[in-house]
Amino acid sequence: MRDNTPLIQLKGVGTKTKGYFDKLEIHTVGDLLTTYPRDYDSFEPPVKIGNLSGGEVACVYAAVTGTVSEKKVRNLSVLTLTVSDGTGLLTLTFFNMPFLKKVLKKGGYYCFRGKVSAHGTKASMEQPAYYSYQDYMELTKSLLPVYSLTKGLTNKTFRKLVEQAMMTCVWEEEFYPPAILDTYHLLPEKEAIRRIHFPEDRECLAEARRRLVFDEFFGFFYFLRQNKKLCEGLKNEYCMFETADTVRFLEQLPFPLTKAQKKVWQDIRNDLGSPYCMNRLVQGDVGSGKTIVAVLALMMTAANGYQGALMAPTEVLAVQHFETIRGYVEKYHVPFRPVLLVGSMTAAMKRQAYEQIASGEANLIIGTHALIQERVVYRSLALVVTDEQHRFGVKQREQLSEKGVSPHILVMSATPIPRTLAIILYGDLQVSVIDELPADRLPIKNCVVGTNYRATAYKFLAGQVAQGRQVYVICPQVEEGELDNLENVVDYTEKLRAALPETVAVSYLHGKMRPADKNRIMEQFADGSIDVLVSTTVIEVGINVPNATVMMVENADRFGLAQLHQLRGRVGRGEHQSYCIFVSSQDRKETMERLEILNRSNDGFFIAAEDLRLRGPGDLFGIRQSGEFAFRMGDIYGDSDVLKEACEAVDRLLVSDPDLETEEMQPLKEHLRYIRANNVDFRSI
């Protein structure tokens with residue numbers, strides 16, 4: 001889908017509306033059609049009041065049992081009434097709708113639809129929609145798309161423009177050959193995009209989504225295989241042997257390596273001394289001690305007279321790594337001559353760093369992705385240690401090879417992925433696993449609670465801050481209106497400021513902030529100036545704050561278990577006991593049982609396996625996984641079957657036509673070329 005027609009050319013899109021879509025990074029017809037719904041409004045048949053559950057959106061068909069009462073709160077009109085269907089009572093509240101006193105008559109039957117709040121045996125709805133029975137039953141036959149919005153933009157406007165774009169779009173030729181469409185039972189692209197926006201039923205939606213998920217996985221695996229081909233048999237230009245420096249360093253450390261760490265360190269030493277270039281992943285749960293293994297590899301590189309680079313996902317974490325390494329130099333006299341290189345440095349500071357790197361004066365360069373993107377000339381770069389956020393793919397390899405460098409690559413990952421999936425997803429890497437935690441790690445204490453626990457939780461947060469500790473609070477959206485009925489960072493920050501003592505410093509962080517502002521907030525949290533940080537999942541990677549002891553996750557039921565475990569990994573990094581509070585907005589039995597897995601276990605690999613077992617195909621409405629495998633539609637757990645099929649399809653294709661030279665493969669070749677040129681949704685390209 002590559003229609004680059006400017007969105008403003010659509011009827012009804014003026015400067016104001018264009019501005020709303022610009023905020024959502026939707027600029028063309030192609031952007032619009034590939035911005036898929038984040039949910040669908042399905043009008044389920046009415047349920048009995050006695051069967052309602054708190055947190056769910058439901059419809060009841062019930063009679064008004066008494067007169068509608070009205071009261072004024074400042075300039076706000078508040079109407080309250082009670083309805084019944086013989087199985088229970090439901091209290092309804094409407095704001096600024098005084099005319100309903102004349103519409104909703106005592107004894108009249110209506111369909112009321114809204115989010116249910118439950119307090120003991122009492123149930124209520126605020127601002128529910130109301131319909132006649134006939135009108136509502138007509139709606140049960142449809143699925144209406146619901147999009148992620150910004151203030152000023154409505155779903156109705158979004159849907160109308162998508163309908164118009166579907167008719168005016170310039171569609172390319174289907175890029176898969178018929179054999180792939182038939183073998184894997186895939187819809188044509190145009191039909192899949194039409195159905196994903198306007199599905200007739202759940203079955204149509206599932207078929208459309210399956211095609212789009214297959215596309216994502218197919219592109220990912222195609223470029224993964226290219227990366228593997230590029231790396232296989234790459235000659236080791238920097239053959240190394242272990243020196244006394246790493247041995248002395250390990251003897252001086254105040255803790256011994258675990259058996260798993262020793263095994264991984266042996267794998268890395270063997271790679272660095274082998275005839276071929278290393279391309280290895282170290283996969284380990286949060287807190288398993290991956291960083292010290294990376295430091296050993298960099299130390300071996302420096303001791304052999306070469307340069308190493310350590311890439312971090314954020315400037316704050318890069319600075320933290322730099323300070324830690326400098327501490328090792330001072331305390332243990334290790335052979336590092338480190339230099340920091342990050343985007344916020346002044347031009348003069350960067351020039352000095354470039355000179356130290358080019359001359360070889362610096363043998364360990366620590367920074368962000370700028371280490372390979374900026375005009376850095378290395379004297380002898382032999383090892384790049386990166387994290388899963390900056391996974392090395394074809395483009396990164398080419399960038400370095402253009403400088404005459406083919407370094408060893410070591411990727412660190414805290415994403416717990418079951419072995420069956422890891423073999424597929426990390427197909428271009430040798431994999432080492434650190435599967436045990438250091439003995440001195442205090443297990444995190446967990447609890448899964450409903451929203452009625454918030455007041456108690458706030459007291460606990462205040463108590464931890466009073467003891468000198470710090471707190472993370474995670475919300476699934478940045479501001480009101482993006483996702484319905486979910487907590488948002490901006491409003492929740494104000495809520496916490498009102499609920500906690502004035503002495504508690506509360507601030508927020510989210511991905512839409514300017515990089516300089518994000519860095520400032522993370523630095524303030526890292527140095528203790530902020531007590532409570534309210535954030536989206538942007539903090540899943542990026543800062544290491546050992547003093548943070550509480551992680552509270554709102555709307556935890558909307559996240560995958562593996563992602564919740566990743567978030568939990570932000571705490572438990574220091575000497576103090578740490579806690580994680582998962583707040584569920586739904587009290588359904590199956591929801592609470594699923595979250596209880598986190599309560600019972602701190603083992604990321606066990607949790608990932610349970611996530612794989614419990615997720616339905618395409619958990620479309622959950623909060624998107626972040627990290628390396630953050631596909632737009634695909635979910636490596638819920639869509640594992642499609643993932644395996646896409647992997648198989650790529651492997652078959654590369655056997656039969658490795659260079660995509662046949663005539664029927666030309667549309668696919670052009671499609672993949674477009675993906676690569678535009679970095680479409682694949683972090684490894």
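The values are calculated or read from the model by the stated rules, or taken from the named source; none is laboratory data. Keep in mind that what you see is a predicted model, and the values were worked out from it rather than measured. Cβ coordinates were reconstructed from backbone atoms using ideal geometry, including for glycine residues, and neighbour counts include every protein chain displayed.
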Filter the stretch 410-447 for residues that are modelled with pLDDT of 80 or more, assigned to a loop (DSSP other than H, G, I, E, B) and in contact with a Phe, Trp or Tyr (Cβ under 8 Å, 6 or more places away or on another chain); the one that is surrounded by the fewest Cβ atoms within 10 Å (Cβ to Cβ) is 435
Of the residues in the stretch 94-111, those that are touching a Leu at 6+ places or on another chain (Cβ under 7 Å), assigned to a strand (DSSP E or B) and either surrounded by fewer than 17 Cβ atoms within 10 Å (Cβ to Cβ) or β-branched (Val, Ile, Thr) (or both) come to 95
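What about residue 452, is it surrounded by fewer than 20 Cβ atoms within 10 Å (Cβ to Cβ), more than 30 Å from residue 310 (Cβ to Cβ), in contact (Cβ under 8 Å) with a residue 12 or more places away in the chain and not small (Gly, Ala, Ser)? Steps first, answer last, please.
Working: surrounded by fewer than 20 Cβ atoms within 10 Å (Cβ to Cβ): yes; more than 30 Å from residue 310 (Cβ to Cβ): yes; in contact (Cβ under 8 Å) with a residue 12 or more places away in the chain: yes; not small (Gly, Ala, Ser): yes.
Yes.
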Restricting attention to the stretch 231-249, the residues that are part of a helix (DSSP H, G or I), among the hydrophobic types (A, V, I, L, M, F, W, C) and surrounded by fewer than 18 Cβ atoms within 10 Å (Cβ to Cβ) number exactly 2
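Take the residues in the stretch 301-318 that are in contact (Cβ under 8 Å) with a residue 60 or more places away in the chain and assigned to a helix (DSSP H, G or I); name whichever of them is surrounded by the most Cβ atoms within 10 Å (Cβ to Cβ). Lay out the reasoning, then the answer.
Quick first cut of the stretch 301-318, residues in contact (Cβ under 8 Å) with a residue 60 or more places away in the chain only: 301-317.
From the residues that got through so far, the ones that are assigned to a helix (DSSP H, G or I) too are 301-303, 315-317.
On the way: 301: 28, 302: 21, 303: 20, 315: 23, 316: 24, 317: 19.
The selected residue is 301.
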Consider residue 358 carefully, then state whether it is within 15 Å of residue 311 (Cβ to Cβ), at pLDDT 70 or above and aliphatic (A, V, I, L, M).
-> no
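Say we look at the stretch 289-331 and pick out the residues that are polar (S, T, N, Q) and touching a Lys or Arg at 6+ places or on another chain (Cβ under 9 Å); which of these is farthest from residue 407 (Cα to Cα)? So that I can check it myself, show each step before the final result.
In the first step, residues of the stretch 289-331 are kept if they are polar (S, T, N, Q); the result is 291, 301, 304, 307, 314, 320, 324.
From what is left, the residues that are touching a Lys or Arg at 6+ places or on another chain (Cβ under 9 Å) are 307, 314.
Working: 307: 10, 314: 22 Å.
For the stretch 289-331, the residue satisfying everything is 314.
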Six or more apart or on different chains, Cβ under 8 Å: which pairs go from a residue in the stretch 561-578 that's under 22 Å from residue 635 (Cβ atoms) to one that's assigned to a helix (DSSP H, G or I) and of a type in the set (Lys, Arg)? Could you list them?
-> 561/594
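Condition check ((1) under 25 Å from residue 231 (Cβ atoms); (2) in a helix (DSSP H, G or I)) across all residues:
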position	(1), (2)
264	yes, yes
282	yes, no
292	no, yes
295	yes, yes
299	yes, yes
321	no, yes
331	no, yes
Please work out if residue 527 is under 25 Å from residue 573 (Cα atoms) and surrounded by fewer than 19 Cβ atoms within 10 Å (Cβ to Cβ).
-> yes
Which members of the stretch 115-143 meet the condition of being in contact (Cβ under 8 Å) with a residue 40 or more places away in the chain and either in contact with an Asp or Glu (Cβ under 6 Å, 6 or more places away or on another chain) or on the phi > 0 side of the Ramachandran plot (or both)?
-> 116
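Restricting to the stretch 316-337, count the residues that are over 14 Å from residue 365 (Cβ atoms) and either assigned by TED's automatic domain parsing to the domain that holds residue 511 or in contact with a strand residue (DSSP E or B) (Cβ under 8 Å, 6 or more places away or on another chain) (or both).
The number of residues fulfilling the criteria is 1.
Just to be sure, is residue 390 touching a His at 6+ places or on another chain (Cβ under 8 Å), over 25 Å from residue 241 (Cβ atoms) and modelled with pLDDT under 75?
Spelling it out, residue 390 is indeed touching a His at 6+ places or on another chain (Cβ under 8 Å), over 25 Å from residue 241 (Cβ atoms) and modelled with pLDDT under 75.
Show me the strands (runs of 3 or more DSSP E) entirely contained within the stretch 21-76 in which 1 or more residues are touching a strand residue (DSSP E or B) at 6+ places or on another chain (Cβ under 6 Å), modelled with pLDDT under 90 and basic (Lys, Arg).
Working: elements: 39-42, 57-64, 69-73.
Per the criteria, 69-73.
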Those residues of the stretch 201-222 that are more than 20 Å from the chain's Cα centre (by Cα) and among the small types (Gly, Ala, Ser) come to a total of 2
State yes or no: is residue 112 assigned by TED's automatic domain parsing to the domain that holds residue 50, at pLDDT 90 or above, on the phi < 0 side of the Ramachandran plot and among the hydrophobic types (A, V, I, L, M, F, W, C)?
-> yes
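Take the conditions modelled with pLDDT of 95 or more and among the aliphatic types (A, V, I, L, M) and apply them to residue 205. Does it pass? Give the steps one after another, and end with the answer.
Details: modelled with pLDDT of 95 or more: no; among the aliphatic types (A, V, I, L, M): yes.
No, not satisfied.
I'd like to know if the stretch 90-103 contains one or more residues that are touching a Gly at 6+ places or on another chain (Cβ under 9 Å), touching a residue at least 12 places away in the same chain (Cβ under 8 Å) and farther than 21 Å from residue 451 by Cβ.
Step one: of the stretch 90-103, the residues touching a Gly at 6+ places or on another chain (Cβ under 9 Å) are 92.
Still in the running and touching a residue at least 12 places away in the same chain (Cβ under 8 Å): 92.
The next check asks that each one be farther than 21 Å from residue 451 by Cβ; those that pass are none.
No: the stretch 90-103 contains no residue that is touching a Gly at 6+ places or on another chain (Cβ under 9 Å), touching a residue at least 12 places away in the same chain (Cβ under 8 Å) and farther than 21 Å from residue 451 by Cβ.
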Failed item in (1) surrounded by 23 or more Cβ atoms within 10 Å (Cβ to Cβ); (2) closer than 24 Å to residue 442 by Cα; (3) aliphatic (A, V, I, L, M), with residue 534 passing the rest | (2)
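Being under 25 Å from residue 346 (Cα atoms) and under 20 Å from the mean Cα position of the chain (by Cα) is the filter here; which residues of the stretch 522-540 pass it?
The initial filter retains those residues of the stretch 522-540 that are under 25 Å from residue 346 (Cα atoms), namely 522-527, 529.
Matches in the stretch 522-540: 522 only.
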Search the stretch 652-685 for residues being within 26 Å of residue 611 (Cβ to Cβ) and of a type in the set (D, E, K, R), and hand back the single one that is modelled with the lowest pLDDT.
-> 683
